[in-house]
Amino acid sequence: MACYSCRLMEAIRTADSHWLLHLLKETDVEQEDLDRALHAAAWSGNPDGVRMLLAAGAGLYSLNQHGQPLLIEAVFSANVQAVRTILQVAFSLLYRAYSVLYFVH
């Protein structure tokens, strides 16, 4: 794990939204690092981290090292706020896609 990735995971572990935002703006982040941090945020129940990482391009449909999708990982962690945040983002994306398709036809 690169030093940058370690700092990203530490920002998630400590739920430090300001540091996380700074790290995300600092440089181009590898997709794998974003996805790993997103799953860590979902597992630890960090809804702000989940929201910020998804906005930064982390994969909503990414799988963890055990092949579990993000939502399942958040459910297993029993953190309602993380589950709610993931569902809100997913529904927002689906609504936008539906709106685009509806108004195009």
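Things worth noting here:
- Modelled FRET efficiency - R0 22 Å, C6 with D48, Cβ distances, 0.05 increments: 0.65
- Answer label for Cα Rg over 2.2 N^0.38 Å (calculated), chosen among [x] 1.53; [y] 1.10; [z] 1.94: [y]
Values quoted throughout were computed directly from the atomic coordinates according to the rules given, and no laboratory measurement underlies them. Just so it is clear, the structure is predicted and the values come from calculations on it, not from any experiment. FYI the Cβ positions are ideal-geometry reconstructions off the backbone, even for glycines, and counts take in every protein chain you see.
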